[in-house]
Amino acid sequence: MIQATGTHLLTVPLPLEEGGLLDGAQVAYETYGEPSGENSVVLLHDMAQSHRALGPPESSAYQPSGWGRELIGEKRPLDPTSLHIISMNLLGSPFGTTSPITEDPFTGQTLGPALPPLTTLDMARTVAALLRSMGLRRVRALVGVGLGGQVALRLAALFPELTAGVVTIGAARMLPEALRARIGQFQQILWLDPEYKEGFYRHGAGPLRTMRKLRLEYLRLLYGREYLAARHRDIEAAERALEADAEDFAKIFDPNAWILMCLAYSGCDLTEYLPKVQAKVLLIAGASDVLAPPARVRETYHLLTASGVQARYHELQGASDHGALLTETRRMHGPVRDFLRRLR
């Protein structure tokens, strides 16, 4: 099903919101399906995922790839028999796009903490730059999950003519205030670990214990007790599964990259940009999602409609924790397919 996979080098320096230019940025991507007219859909992943939406599975408990298997496929919401799907790795993510583990061509060393703080605006500009390099001036839709959903909305506000529609899954204008503060503190927590060494740790080493702790805390935000109880034999088995994920995550996900992704997520507030969106928008919320609670997603919906945006809100009932939104997508098949079909 994968038509193309690769890494594209941007030929124009990327302006960063915090100041300065990022020269020689690269973007990893995969595509599914064939381009035909304006049938391209851009798919943007969540904070700890990669652009490899269909896999293959990793040999670890932490699975950054394969998260889109229930979303992409024939008779699924994103059908590659009729759509050209472009799954991109967000700027700062350590799975092929420019991130702290990228080698600096001038020094031969990884960028590490030298890569400045990144925002959803920087990520949106990177997506737009890749689309331009592909010769795509307009796409059918931007589809984003979690952090990727925020990037999709920011991109639609930045370049209103770029897309006909936006679909967000588990995303709102900003995280709940308490979570913004807590996830924003992850940087300070890592800095306090002596193994962090101000970001100049040896690759594969560093603050592994703290990374395990932070990942475990984040996993408990992603999955509630009801979902875990339905998926595992008992709560002890569920806890072991979470701990195994956290253990492998600490070995795979670079701490400097985790800081950048956390700061982008916690620092995002799209309130002032929503009125600039001209595309139609479908907001999908999970009833038990604590990262994008239904009340916060509905609030985003009301802000959009008050600005004249044609927006829809669809809430998934039951155990719809943030991390589980893509495991059983049948409940969103109809709304997403209908939304994409009506776009012009």
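FYI, it's all coordinate maths here, none of it is from the lab. All values derive from a computational prediction rather than experimental measurement. Please note: Cβ atoms are built from the backbone with ideal geometry, for glycine as well, and neighbour counts cover all protein chains shown.
To the nearest 20 debye, what charge dipole does segment 132-183 have about its Cα centre, counting +1 at the Cβ of each Lys and Arg and -1 at the Cβ of each Asp and Glu?
It works out to roughly 120 debye.
Over all pairs of distinct alpha carbons, what does the Kirkwood formula give as the hydrodynamic radius of segment 3-42, in Å?
Here the Kirkwood hydrodynamic radius works out to 12.3 Å.
Once the dipole of segment 179-264 is set up with Lys and Arg at +1 and Asp and Glu at -1 on Cβ about the Cα centre, which of 194, 261, 229 lies farthest towards its positive end?
Projecting each Cα onto the dipole axis, the largest value belongs to 261.
Loop only per DSSP, at most 11 neighbouring Cβ atoms within 10 Å: give me the GluC sites (Glu not before Pro) in segment 38-131, ordered by residue number.
Passing sites in segment 38-131 are 74.
Among 163, 89, 335, which residue has its Cα positioned farthest towards the positive end of the charge dipole of the chain, with +1 placed on the Cβ of Lys and Arg, -1 on the Cβ of Asp and Glu, and the dipole taken about the Cα centre?
335
Given a Förster radius of 41 Å and the C-beta distance between residue 276 and residue 59 as r, what FRET efficiency does 1/(1 + (r/R0)^6) yield to the nearest 0.05?
Result of the calculation: an efficiency of 0.40.
Quick check for you: which residues of segment 1-29 have the amide N under 17 Å from the point 7 Å beyond the Cα of residue 36 toward its beta carbon?
In segment 1-29, the label zone of residue 36 (backbone N under 17 Å from the point 7 Å along Cα→Cβ) covers 1-4.
About its Cα centre, what dipole magnitude does the chain give when the only charges are +1 on Lys and Arg Cβ and -1 on Asp and Glu Cβ, stated in debye to the nearest 20?
980
Where the only charges are on Cβ atoms (+1 Lys, Arg; -1 Asp, Glu), what is the dipole of segment 163-275 about its Cα centre, to the nearest 20 debye?
It works out to roughly 80 debye.
D for segment 1-72, whole µm²/s, Stokes-Einstein with Kirkwood Rh over alpha-carbon pairs at 37 °C and 0.692 mPa s: what number?
In µm²/s, the coefficient rounds to 228.
In terms of the ratio Rg/(2.2 N^0.38 Å) built on C-alpha atoms, what value belongs to segment 179-264?
Its radius of gyration relative to the 2.2 N^0.38 Å reference: 1.16.
Within 15 Å, Cβ to Cβ, of residue 298, how many net charges do the neighbouring residues add up to if Lys/Arg are +1 and Asp/Glu are -1?
Net local charge, residue 298 excluded: 0.
Consider all pairwise Cα distances in segment 1-130 and report the whole-number % of them above 19 Å.
Value for segment 1-130: 51 percent of Cα pairs lie more than 19 Å apart.
How much of the DSSP beta bridge set in the chain is antiparallel, as a percent to the nearest 5?
Counting DSSP beta bridges with both partners in the chain, the antiparallel share is about 35 percent.
What is the pair-distance distribution P(r) of segment 230-331, computed from all Cα-Cα distances in 5 Å bins starting at 0, with each bin given as a whole percent?
Bins of 5 Å from zero give 2, 10, 14, 16, 18, 17, 11, 7, 4, 1 percent of pairs.
Multiply the residue separation of residue 75 and residue 104 by 0.36 nm, subtract the distance between their alpha-carbon atoms, and state the gained length in nm to one decimal.
Value of the extension gain: 6.1 nm.
Along the positive direction of the dipole of segment 243-322 (beta-carbon charges: Lys, Arg +1; Asp, Glu -1; about the Cα centre), which of 275, 290, 246 reaches farthest?
Going by the Cα projections, it comes out as 275.
Once the Cβ-Cβ distance between residue 310 and residue 198 is put in as r, and R0 is 56 Å, what FRET efficiency do you end up with, to the nearest 0.05?
Efficiency for this residue pair is about 0.70.
From the P(r) of the chain, could you give the percentage of C-alpha pairs in the tail past 37 Å?
12
Would you mind pulling out the separation of the Cα centroids of segment 243-299 and segment 67-144, in Å?
Each part's Cα centre sits 15 Å from the other's.
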